[in-house]
Amino acid sequence: MRKILVTGALGQIGSELTMKLRDTYGNDNIIASSRRIKEGHEKLIESGPFEVLNINDGKEVSNVVRKHNVNTIINLAAILSAVGEKDPLACWNVNMNGLINILEVGKEEKCQVFTPSSIAAFGPNTPPDNTPQDTIQRPSTIYGVTKVAGEILCDYYFKKFGVDTRGVRFPGLISYETLPGGGTTDYAVHIYYDAVKNKEYTSFIDKGTKMDMMYMPDALDAIINLMEADPSKLIHRNAFNVTAMSFAPEELADSIRKIIPEFKLKYDVDHVRQAIAESWPNSLDDTAAREEWGWNPKYDIDSMTKDMLEKLSAKLK
Ligand code: NAD
Ligand code: AKB
């Protein structure tokens, strides 16, 4: 029986993953944790075990894992790309020193450890189209630096200590439950909120800038399916390219206009986030994930748009 600790459980991914894991494995088997309690997450906090946990406190991570007999850690605590550029040391501290605490506890307590990487692990001299699984990784953001180093660190803990580490390189994730935590792909979430509220959106990412994206239900399936995958089939265990779609802001606006014809898209480009977006791939090759553990996303841009607009219209009523 799995006993799963989720760190960063009140974030964009964790807030939905925790509830899905509780449905799948039973409420008492999923220990949600967060550095601090945040308003609006009462249902999650009350539906199963919850711990206030800072992953930079290795002793506390160990105490929580022992207290609940945890055998799987899903480490979602992190600082994302745009916030990371404002405070690079904090980004390094959480994404690297926090991660090594998790891996050390994983080693001592024999836990499986899942840690997401990102398209941010690529950089300006990575081949941008159909970006291969194994290729040049020289990112230009501190977040990207921590993601490449994290992939390699997880490989090291697997090879050196036999920790069952696994991970994917997520693209921008789109969801309606919890707002994103300060990344470059966040425009692709904000656009839906503004489409429902105002029928127009001003994008901080410029026309023509393509990035990989994925709808949250597919991202949750990716985590669970990779966690459950037969380890003997995993060649790229910590850094699988996964994607569901690739688009630029105007293509997302076209998809929204199929449902809200009067929707208008304007631009007010933020040069920091634009430079980050331009350093990331246009589209990933996710063949390795498809071949090694059956990755197969269900949502494309139009089916995602339909669901996002339906769910947000109900939520923002
Ligand atoms: P998020 O910012 O929404 O949530 C992260 C959570 O971690 C926040 O609630 C934050 O309070 C918490 N946190 C920060 N420092 C902490 C610490 N020291 N101890 C405990 N908690 C701490 O992020 P997310 O979008 O849910 O991302 C989760 C993981 O997925 C991250 O590793 C991120 O890099 C990766 N990822 C996310 C996306 C995306 O589009 N959301 C894309 C690629 C990769
Ligand atoms: C970000 O934009 O920082 C994240 C990511 C792609 O890692 N959404």
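Output the residues belonging to the range 17-55 that are surrounded by fewer than 17 Cβ atoms within 10 Å (Cβ to Cβ) and within 12 Å of ligand 1 (Cβ to nearest atom).
Residues satisfying the conditions are Arg36, Ile37, Lys38, Gly40, Val52.
Are there any pairs with C-beta distances below 6 angstrom linking a residue in the range 152-179 that is without any contact (Cβ under 8 Å) to a residue 40 or more places away in the chain to a residue that is away from ligand 1 (no atom under 13 Å from the Cβ) and part of a loop (DSSP other than H, G, I, E, B), with the two at least 6 apart or on different chains, and if so which?
Once the first residue is without any contact (Cβ under 8 Å) to a residue 40 or more places away in the chain and sits in the range 152-179, no partner that is away from ligand 1 (no atom under 13 Å from the Cβ) and part of a loop (DSSP other than H, G, I, E, B) comes close enough.
Whether any residue in the range 119-135 is out of contact with any strand residue (DSSP E or B) (no Cβ under 8 Å at 6 or more places or on another chain), over 30 Å from Lys315 (Cα atoms) and within 12 Å of ligand 2 (Cβ to nearest atom) is what I want to check.
Among the residues of the range 119-135, at least one is out of contact with any strand residue (DSSP E or B) (no Cβ under 8 Å at 6 or more places or on another chain), over 30 Å from Lys315 (Cα atoms) and within 12 Å of ligand 2 (Cβ to nearest atom), which makes the answer yes.
Scan the range 174-193 residue by residue and report those that are outside any loop (DSSP other than H, G, I, E, B) and touching a strand residue (DSSP E or B) at 6+ places or on another chain (Cβ under 6 Å). Steps first, please.
Within the range 174-193, the subset outside any loop (DSSP other than H, G, I, E, B) is 174, 187-193.
Residues satisfying the conditions are Ile174, Tyr187, Ala188, Val189, Ile191.
Do you know which of the residues in the range 156-183 that are more than 26 Å from Asn296 (Cβ to Cβ) and of a type outside the set (Lys, Arg) is nearest to ligand 1 (Cβ to nearest atom)?
First pass over the range 156-183, keeping only residues more than 26 Å from Asn296 (Cβ to Cβ): 156-157, 159-163, 179, 181-182.
Restricting the remaining residues to those that are of a type outside the set (Lys, Arg) gives 156-157, 161-163, 179, 181-182.
Details: Tyr156: 18, Tyr157: 16, Phe161: 21, Gly162: 23, Val163: 17, Leu179: 8, Gly181: 2, Gly182: 6 Å.
This residue is Gly181.
Within the range 112-154, work out how many residues are in a helix (DSSP H, G or I) and basic (Lys, Arg). First the steps, then the outcome.
Filtering the range 112-154 for residues in a helix (DSSP H, G or I) gives 119-121, 142-154.
Adding the requirement that they be basic (Lys, Arg) leaves 147.
Number satisfying all stated conditions: 1.
Being surrounded by fewer than 21 Cβ atoms within 10 Å (Cβ to Cβ) and in a helix (DSSP H, G or I) is the filter; apply it to the range 155-173 and report the residue that is nearest to ligand 2 (Cβ to nearest atom).
Out of the qualifying residues, it is Asp155.
So if I check each of Lys233, Lys159, Lys207, Lys147, which one is in the same structural domain as Pro124 (by TED's automatic domain parsing) and in contact with an Asp or Glu (Cβ under 7 Å, 6 or more places away or on another chain)?
On the way: Lys159 fails: in contact with an Asp or Glu (Cβ under 7 Å, 6 or more places away or on another chain); Lys207 fails: in the same structural domain as Pro124 (by TED's automatic domain parsing); Lys147 fails: in contact with an Asp or Glu (Cβ under 7 Å, 6 or more places away or on another chain).
Just one listed residue meets the conditions, Lys233.
Within the set of pairs 6+ apart or on separate chains, which have a first residue in the range 182-198 that is on the phi > 0 side of the Ramachandran plot and among the small types (Gly, Ala, Ser), a second that is assigned to a loop (DSSP other than H, G, I, E, B) and within 14 Å of ligand 1 (Cβ to nearest atom), and C-beta atoms under 8 Å apart?
Sorted first by the residue in the range 182-198, then by its partner, the pairs are Gly182/Ile79; Gly182/Leu80.
So, Gly123, is that one within 12 Å of ligand 1 (Cβ to nearest atom) and small (Gly, Ala, Ser) or not? If you could, list the steps in order and put the result at the bottom.
Details: within 12 Å of ligand 1 (Cβ to nearest atom): no; small (Gly, Ala, Ser): yes.
Here the answer is no, as Gly123 does not meet what is asked.
I'd like to verify a number: residues in the range 73-93 that are crowded, with 22+ Cβ neighbours inside 10 Å and either assigned to a helix (DSSP H, G or I) or not hydrophobic (A, V, I, L, M, F, W, C) (or both), how many? Steps first, answer last, please.
Restricting attention to the range 73-93, the residues satisfying the condition of being crowded, with 22+ Cβ neighbours inside 10 Å are 73-81, 84, 91.
Still in the list and also either assigned to a helix (DSSP H, G or I) or not hydrophobic (A, V, I, L, M, F, W, C) (or both): 75, 81, 84, 91.
So the count comes out to 4.
Could you please find all residues in the range 129-183 being of a type in the set (Phe, Trp, Tyr) and under 18 Å from the mean Cα position of the chain (by Cα)?
Taking the range 129-183 first, the residues of a type in the set (Phe, Trp, Tyr) are 143, 156-158, 161, 170, 176.
Within the range 129-183, Tyr143, Phe170, Tyr176 qualify.
For the list (1) farther than 24 Å from Asn95 by Cβ; (2) crowded, with 22+ Cβ neighbours inside 10 Å, I need the number of the one condition that Thr202 fails.
Thr202 satisfies every listed condition except (2).
The values are calculated or read from the model by the stated rules, or taken from the named source; none is laboratory data. Computed from a prediction, not measured in an experiment: that's the story for all the values here. Using ideal geometry, Cβ is built from the backbone for each residue, glycine included, and neighbour counts are taken over all protein chains shown.
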